[in-house]
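The values are calculated or read from the model by the stated rules, or taken from the named source; none is laboratory data. Nothing here was measured: the structure is a model prediction, and the numbers come from that model. Neighbour counts run over all protein chains shown; Cβ positions are idealised from the backbone, glycine included. Remember, those area values only see protein heavy atoms, side chains included, never the ligands or the DNA or RNA. Shrake-Rupley method; radii C 1.70, N 1.55, O 1.52, S 1.80 Å.
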Amino acid sequence: MPQHNEKNNHYLLKEWKPENNAFWENKGKHIARRNLTISVACLLLAFCVWMLFSAVAVNLNKVGFNFTTDQLFMLTALPSLSGAILRVPWSFMVPIFGGRYWTVISTVILIIPCVWLGIAVQNPATSYTVFIIIALLCGFAGANFASSMGNISFFFPKAKQGSALGINGGLGNLGVSVMQMVAPVVIFLPIFTFLGVHGVPQEDGSTLSLANAAWIWAPLLLLATLAAFFGMNDIASAKATIASQLPVLKRLHLWLLSLLYLATFGSFIGFSAGFAMLSKTQFPDVNILHLAFFGPLIGALARSAGGVISDKLGGVRVTLINFVFMAVFTALLFLTLPGSGSGSFTAFFLVFMGLFLTAGLGSGSTFQMIAVIFRQITVYRVKLHGGSDEQAQKEAVSDTAAALGFISAIGAVGGFFIPKAFGTSLAMTGSPVGAMKVFLVFYIACVFITWLVYGRRQKHVKP
């Protein structure tokens, strides 16, 4: 954390003892809740920006562009790719810069892709390359999840971290649904006519102002930035070196759990990015933008529920059952598609909502698994080498935080792979069936990984 002006920095918490009950009740919980509230607002807006192209890409050709279906799917996928890559360095930023300072920086920079996208969509001569760059910049928003979750974990005692992280992550994920509810409405309103946005007339007589979908978030991001600057805190003891967090990369469990998180959160964010475009290609007569928000809403709410259920029944058990249902829903989806099935949009929509539900539940249950398993194996390793209980618990906190950062980065790759797979499958065969077969095999593989590695001996997981 930067050392400048620390003596006069009243935002810096030099003594932070959340495990001390007296401190927590008298002072700590009020500060922690304030930081959590502002963090949720910033993260929710970040998810809005991260998935912005899922609503914008569907409408680009309606305002004068002429991109192919595969190109449009690529635009919905790219923010997840850059977001996944950036989650790794972002997970180190809170210990280096401080939670308050980094929240301010990482929130205010999201105004850039929003403003640029609003300008770009108004000029049909804007090149596809420019949209690629803007889509990659939107990925900065996705990286904020790693730093936000890491920051909030420092504020709460261990007994309350699960709930706090569930609120921060679950309500943050709601940003996808919020954006997909707001964007289809504001693009038909004369909000920014004073800035020269006049819109493009449509066949049904309406006027589509696509810039609104991007610009509407800029003032909200500015307000959130100001709230973070004046309302959040830095914790002096929240320090860690990059070198101290790298050893977790050597552990097999990191990579196995990354696969499970890729299958759950990766599916949630990937389906969120690609569902509207996929629906448009399969059911062109349905105005999907008025329904697209349901899936991310169900998934985000299910994530919090997944964590709570896992605390009661065990993350491994919940994850295992959940993967079985993900495979079942994926298999059922084949029966709803035009060509290979009934071609019923109602059936397609309901089955896909089942996929969103299970992807959300699994995101919560796998996150709980990660925390429990890495705490187990770290305590086992430290005690095996003669370390004390205090040392074991301290290293467990550090290792778990590092593992969550790396695993969340890998999970976000699903946001790129899923819409890209849909686009490639449609371009090669004219159908998304090929992509869905790959997903089905992957979910079945995750059933076996969960059962064979963790299900049979979950109480005895070792490094």
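Would a scan of the range 50-60 turn up a residue that is open to solvent by 50 Å² or more (accessible area, probe 1.4 Å) and touching a residue at least 12 places away in the same chain (Cβ under 8 Å)?
Just the residues of the range 50-60 that are open to solvent by 50 Å² or more (accessible area, probe 1.4 Å), to begin with: none.
No, the range 50-60 contains no residue that is open to solvent by 50 Å² or more (accessible area, probe 1.4 Å) and touching a residue at least 12 places away in the same chain (Cβ under 8 Å).
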query: Residues of the range 176-220 being open to solvent by 10 Å² or more (accessible area, probe 1.4 Å) and touching a strand residue (DSSP E or B) at 6+ places or on another chain (Cβ under 6 Å), which ones?
result: 199, 200, 201, 202, 207
query: Within the range 1-120, which helices (runs of 4 or more DSSP H) (wholly inside it) include 3 or more residues that are over 30 Å from residue 285 (Cβ atoms) and among the hydrophobic types (A, V, I, L, M, F, W, C)?
result: 29-50, 69-97, 99-108, 111-120
- line: Picked from the range 279-307 (must be more than 21 Å from the chain's Cα centre (by Cα) and assigned to a loop (DSSP other than H, G, I, E, B)), the residue farthest from residue 323 (Cα to Cα) is 285
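Any idea which residue in the range 297-340 is most open to solvent (accessible area, probe 1.4 Å), counting only those that are without any contact (Cβ under 8 Å) to a residue 24 or more places away in the chain and closer than 22 Å to residue 442 by Cα? Break it down stepwise before answering.
In the first step, residues of the range 297-340 are kept if they are without any contact (Cβ under 8 Å) to a residue 24 or more places away in the chain; the result is 312-313, 321, 328, 332, 335-336.
Next, from what is left, pick out any that are closer than 22 Å to residue 442 by Cα: 321, 328, 332, 335-336.
Numbers: 321: 90, 328: 70, 332: 72, 335: 107, 336: 6 Å².
Within the range 297-340, the match that is most open to solvent (accessible area, probe 1.4 Å) is 335.
Where residues in the range 95-128 are among the aromatic types (Phe, Trp, Tyr) and touching a Phe, Trp or Tyr at 6+ places or on another chain (Cβ under 9 Å), which of them is nearest to residue 49 (Cα to Cα)?
Ranking the candidates gives 102 first.
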message: Go through (1) open to solvent by 20 Å² or more (accessible area, probe 1.4 Å); (2) modelled with pLDDT of 90 or more for residue 27 and report which single condition fails.
response: (2)
Neighbours by Cβ (under 6 Å, 6+ apart or cross-chain): first from the range 350-372, among the acidic types (Asp, Glu); second surrounded by 22 or more Cβ atoms within 10 Å (Cβ to Cβ) and assigned to a helix (DSSP H, G or I): none
- prompt: Looking at the range 221-238, which of the residues that are open to solvent by 70 Å² or more (accessible area, probe 1.4 Å), assigned to a helix (DSSP H, G or I) and in contact (Cβ under 8 Å) with a residue 12 or more places away in the chain is farthest from residue 116 (Cα to Cα)?
  reply: 229
message: Tell me the residue from 153, 80, 147, 106 that is open to solvent by 10 Å² or more (accessible area, probe 1.4 Å), out of contact with any strand residue (DSSP E or B) (no Cβ under 9 Å at 6 or more places or on another chain) and hydroxyl-bearing (Ser, Thr, Tyr), please.
response: 153
- line: For residue 248, the lone unmet condition from (1) open to solvent by 30 Å² or more (accessible area, probe 1.4 Å); (2) modelled with pLDDT under 85 is (1)
task: Exactly one condition in (1) under 18 Å from the mean Cα position of the chain (by Cα); (2) among the hydrophobic types (A, V, I, L, M, F, W, C); (3) under 25 Å from residue 234 (Cα atoms) is not met by residue 52; state its number.
output: (3)
